[in-house]
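Working notes, beginning with the structure itself.
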C-alpha cells in the first residue's frame, strides 16, 4: 500500500499544473521496510513568491509565507512524486506543525496506529462521494456543470446537484469548507475551481480526506473545533441521514465528544484528535476473514449443466412439484374423461368437438371451484400442520399461492366452456337441419319451442346464471390482482373506490352468490336430465360444508372468547401496538398470526396480523402498520383515546388499562375481536438448532415473538438445571423439545423511529442473553453506508456513546445499529463457516423485494457448502 506524504517546498511556475508522476530512488535504506503507510510532512518557507495567479478573493502577496504542497508516495524501495500544487494560507503549516509535534489539545503523547489495517479502516470512514455518485468521475461532473452553470459560474445552491450529492445542506457545508481553504469568497465558482474541489473530494488519501472533513467542522478556519461547531456538524450529519432524534440531542452529543477528545478542558479539539478517533483499532474486516471461495468452476457440458439445474430445482421444490403434478393430472383426467364421453354421444354429430371441449372445461371448472375453498380453510390447515406429519410432504406455507393457481385453472375452464358454447355450439344448433336436430329435441324442445335465436339461450336459466357468474368472477379476479388490491392503479374520481383492500375484500365475498348460481346452473343442464349425473353439487358439498364450518367457528370463537384491551401505543412510522388480555384456552406458537376485527372501523372485515408476544406471556400483542384504508382508520380510532406518554414511556401516544382504576378513569377503548391463531411459516423455527431471522420493516413482528420465545425457553432450561428438575412437569417437557441453540436476527428498516417499536425487547435480550444465544443486527437504511463522510461523525458518536453509556445513538437500545443494507452473501457465508454440517432455518417476513435474493443465496450455499439452508418466507 502506498502512502501519501505532503511536503511544502519551493514554489513552481503554474501552480495549478499537474506534474507527471516520477519515481525517485531513495539515497539510503528506509528505516523500516514494510508496506505500511508512512507519512511525512515538512514545511519550509520560501523567499520567492508563487508565479501562479493568486486566488480571486485574496490579494497577491510577496511575503515569505507562500507554500507549495507536494504529495509523495513512499513505497518499500522508492519515493514517487504524486502531485505538486500551491497551498494557500497557513492550513498546511499549522497542520504540519501539529503533526510534527506529535500531539495536540488533549492528545497527550499517544502514538497513533498508522498501520495498513488502521489506515484502511479510517479511509473507509471519510468518503465524500459514493460509488454510485462518483462512478463516472469528472466527465459526468463537467457535463452537469455545463448544464447548471450561468455565465461560466456555478452557484453554491447547485453544487450538490453538480457533484451528485443528494443532500443540499451537507453539500453546501462542503462547498464552504473547500472555498475557505482556497480563500474563495462569494457563492460561485468557475469550472477550474470546481476541478480543484473535485480533486480534493475524490482524493483517496487518508490525510486529504481528514483535512477536508476537519475544514467542514472548523467553520472559522482557526485550526480549532469548538463545541458549538461540533454541535452544528452533528445536526447537519443527522439531517443528511434522517436521524431526527440525534438532531434533538445534538447539544448533549457534542458535549460527549468534547469530553472524550478534550480531557484537558481547553475548549477545543484539533486535527490530531479527529485522527485519533478515526485510527482507533478496527474490528477484523468480514470480507477478509471470510476468504473461502464458494464459486465452483462452471460445467462446460450444457447437458450436465441442465441436469444439475433440474436436480437442484427438484431438491428445493419437490413438495410443490408433486402437488402441482397431481393437480394437473386430475384436471387433465377429468377433461379427457368428459371429452371422450361426449365424443361418443349423438350431440357430437351436430356440435362437433366444440361440445366436447366445452364439457371438458366445465368438468375441470367444477373440480377447481370445489378445490379453491380448501387452501383458505385456515383452521383446518393449522390443525393438520400442528397435529400431523403432513407438513413434511405438503407445502402448507404456499396455501395462498395454490389458491391463486387454482383461480387460474378456473379461468381456463370457464373460458373453454363459455367460448365453445357461445361461439360454436349454439350457432351450430341454430343452423342444424330438422333431421339432425330431431334427436336433440328432447333437450331443447320441438316445434315452436325449438330455439331460433341467441336470446333463447341467454334468457334461459342456464344462460343468465352462467353470464352472471362470469361477470362476478371477472370482477373478483380483476380486483384481486396486485395492481388493484394494493392500490397501484390510479383511477379518476369515484372509480378510486375500485382499488385498495376494501374493493378486493367485498368483491371476493360475492363468491356466496357465485356458488349459489353454480349449483342452479349445474342443475338446469341442456344435455342431461338424470339427477345422479348432475355432479356439480357432488363436487361442492364437502368443501362448502368445511368452509362454512370454518366461518361459523370464527364467528363463535371470537364472540365467546372476548378480549380486553390492556394497552395501546402509537409509534413513529405509523405503527399501532395493541395489547389484549389472553382469552382462556388461547394457545399459540411464536410466528403464528391472528385476525383482528374492529366494529368501529368495519363490522365485517377481519385482517391478519402476526403475534408479537411470546406464548408464555399473559397477554397477546400485535403491531399494525398503516398501509391501507382499514389500518389507517383503525389507527385514527385508537389515537382519539390516547394521550402523550409520561416520562419513561415509549411511543408518540399511549393509553393503558388500569386494573385497579375505576370505570371513569380508564379510557373507553373501541371493541375489538380476535380470531386464531393460524399457522405461518415462521412457527417451524423450533425444528432447527440454528435459525436466521430476517425482518424487513414491520416484517420483524413474527421474529420478535420468536426471539422472546427463545429467551423464555433458555430461562426455563437454566431454571431446570439450577433446580435439578428433569422431565416430569409440563414446562420442562416443553424445554426438552426446544432445539434452537443459536439465532441470528437481522432487522432492516429505513426509519430511525422504527427501533422504538421493540426497544424493550432489544434491551431485554442484551441484558438476559448472557450465553450469546441470540445475535442481534439492526440496520438503518436511511443512514449512509459506513465509510461515507455524511455518516462519519454519526459513526464516531455511536462508538463513543456505546462505549460510555452502553446505548446506541441511532436505535436508543443496547444493540448497536449498522448503516445502509446488509451484505447478505457475507451473512450467509459467516453462518456457513460457523455452523458446518448443520441445517439452518432461514425465515424471512416482509415485502417481496428481498425474497428472491435470500432464497437464491440459501440455495447457493446449500449446494456449495456442507451447511444446509432451508428458506421460508412470508410476504405481505
- prompt: Name the residues in segment 833-850 that are modelled with pLDDT of 90 or more and either outside the structural domain of residue 687 (by TED's automatic domain parsing) or within 22 Å of residue 623 (Cβ to Cβ) (or both), would you?
  reply: 843, 844, 845
- request: Among the numbered conditions (1) closer than 14 Å to residue 615 by Cα; (2) modelled with pLDDT of 85 or more, tell me where residue 697 comes up short.
  value: (1)
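How about segment 515-547: which of its residues are outside any helix (DSSP H, G or I) and either over 13 Å from residue 365 (Cβ atoms) or not assigned by TED's automatic domain parsing to the domain that holds residue 439 (or both)? Break it down stepwise before answering.
Let us first name the residues in segment 515-547 that are outside any helix (DSSP H, G or I), namely 524-530, 534-535.
Selection gives 524, 525, 526, 527, 528, 529, 530, 534.
Name every residue in segment 443-463 that is exposed (fewer than 15 other Cβ atoms within 10 Å of the Cβ), without any contact (Cβ under 8 Å) to a residue 40 or more places away in the chain and assigned to a helix (DSSP H, G or I), in order of residue number.
First, pick out the residues of segment 443-463 that are exposed (fewer than 15 other Cβ atoms within 10 Å of the Cβ): 443, 445-449, 452-455, 458-459, 461.
Subset that is without any contact (Cβ under 8 Å) to a residue 40 or more places away in the chain: 445-449, 452-455, 458-459.
447, 448, 449, 454, 455, 458, 459, listed by residue number.
Just the residues that are at pLDDT 85 or above, at negative phi and not in a strand (DSSP E or B), please, taken from segment 584-601. So that I can check it myself, show each step before the final result.
The initial filter retains those residues of segment 584-601 that are at pLDDT 85 or above, namely 586-601.
In the following step, the residues that additionally are at negative phi were identified as 586-590, 592-601.
Residues satisfying the conditions are 586, 587, 588, 589, 590, 592, 599, 600, 601.
So is residue 406 out of contact with any strand residue (DSSP E or B) (no Cβ under 9 Å at 6 or more places or on another chain), outside any helix (DSSP H, G or I), crowded, with 18+ Cβ neighbours inside 10 Å and in contact (Cβ under 8 Å) with a residue 40 or more places away in the chain or not? Break it down stepwise before answering.
Numbers: out of contact with any strand residue (DSSP E or B) (no Cβ under 9 Å at 6 or more places or on another chain): yes; outside any helix (DSSP H, G or I): no; crowded, with 18+ Cβ neighbours inside 10 Å: yes; in contact (Cβ under 8 Å) with a residue 40 or more places away in the chain: yes.
Against the criterion (out of contact with any strand residue (DSSP E or B) (no Cβ under 9 Å at 6 or more places or on another chain), outside any helix (DSSP H, G or I), crowded, with 18+ Cβ neighbours inside 10 Å and in contact (Cβ under 8 Å) with a residue 40 or more places away in the chain), residue 406 does not qualify.
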- request: Would you be able to say whether some residue in segment 205-223 is surrounded by fewer than 18 Cβ atoms within 10 Å (Cβ to Cβ), at pLDDT below 75 and in a helix (DSSP H, G or I)?
  value: no
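Quick check, is residue 529 touching a residue at least 12 places away in the same chain (Cβ under 8 Å) and either surrounded by fewer than 17 Cβ atoms within 10 Å (Cβ to Cβ) or closer than 30 Å to residue 619 by Cβ (or both)?
On the way: touching a residue at least 12 places away in the same chain (Cβ under 8 Å): yes; either surrounded by fewer than 17 Cβ atoms within 10 Å (Cβ to Cβ) or closer than 30 Å to residue 619 by Cβ (or both): yes.
When the stated conditions are applied, residue 529 passes them.
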query: What about residue 412, is it part of a helix (DSSP H, G or I), surrounded by 13 or more Cβ atoms within 10 Å (Cβ to Cβ) and modelled with pLDDT of 85 or more?
result: yes
query: (1) at pLDDT 90 or above; (2) farther than 28 Å from residue 713 by Cα: which one isn't true of residue 578, the others all being true?
result: (2)
query: In segment 302-321, what count of residues is obtained for those that are more than 15 Å from residue 864 (Cα to Cα) and in contact (Cβ under 8 Å) with a residue 60 or more places away in the chain?
result: 2
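Kindly evaluate residue 338 against the criterion of being surrounded by 17 or more Cβ atoms within 10 Å (Cβ to Cβ), under 30 Å from residue 443 (Cβ atoms), touching a residue at least 40 places away in the same chain (Cβ under 8 Å) and touching a helix residue (DSSP H, G or I) at 6+ places or on another chain (Cβ under 8 Å). Steps first, please.
Working: surrounded by 17 or more Cβ atoms within 10 Å (Cβ to Cβ): yes; under 30 Å from residue 443 (Cβ atoms): yes; touching a residue at least 40 places away in the same chain (Cβ under 8 Å): no; touching a helix residue (DSSP H, G or I) at 6+ places or on another chain (Cβ under 8 Å): yes.
In short, no.
On the given criteria, is residue 470 in contact (Cβ under 8 Å) with a residue 40 or more places away in the chain and either out of contact with any helix residue (DSSP H, G or I) (no Cβ under 8 Å at 6 or more places or on another chain) or more than 17 Å from residue 355 (Cβ to Cβ) (or both)?
Here the answer is yes, as residue 470 does meet what is asked.
The values are calculated or read from the model by the stated rules, or taken from the named source; none is laboratory data. Keep in mind that this is a model prediction, so the values were computed, not measured. Here Cβ is always computed from backbone atoms with ideal geometry, including for glycine, and neighbour counts include all displayed protein chains.
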